Amino acid sequence: MSSSFPILPLQKSSDGDILQYSIYPIYPDVNLKNVLDYTLDLMSTWTDDYIWNSDPFTLSMDNSVPKLHGSMDLGEDSGVSPDEWVVVGVLWQVSKRFNNVAIRCAN
């Protein structure tokens, strides 16, 4: 399951900052589908009327390695963009709800 959210139509550039994020199960019995559904629902709630700077938030299941992952272009010379704060805020809430996952976020 993957979901995307509305963005403004902007010119794409490969020179932008990329935010990458992953959610890993600490134990093999973690239901990543529940984590995925909760994360997408929470992101949808937090960003109901939000307009993303460049790329929207996406999160999907990686079947080769048990993890959820996504990435987004934050735009050229973004510094710390509001988009990044929204993603980190949602991932922080996910970590509070699911103490059996490890979350990595980097750009």
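The values are calculated or read from the model by the stated rules, or taken from the named source; none is laboratory data. Keep in mind that this is a model prediction, so the values were computed, not measured. Positions of Cβ are generated from backbone atoms using ideal geometry, with glycine treated the same way; all protein chains shown enter the neighbour counts. In case anyone asks, the SASA skips ligands and DNA or RNA and just uses the protein heavy atoms, side chains included. Shrake-Rupley method; radii C 1.70, N 1.55, O 1.52, S 1.80 Å.
Of the heavy-atom accessible surface of segment 18-107 (probe 1.4 angstrom), what whole percent is carbon and sulfur?
50 percent
With r as the distance between the Cβ atoms of Asn63 and Asn99 and R0 = 25 Å, compute the FRET efficiency 1/(1 + (r/R0)^6) and round to 0.05.
Computed FRET efficiency for Asn99 and Asn63 comes out at 0.55.
What is the distance in Å between the Cα centres of segment 27-50 and segment 79-107?
The distance from the Cα centre of segment 27-50 to that of segment 79-107 comes to 11 Å.
Starting from the 7 Å offset along Cα-to-Cβ, what nm value, one decimal, do you get for the label separation of Ala106 and Asp48?
With each label placed 7 Å out from Cα toward Cβ, I get 3.6 nm.
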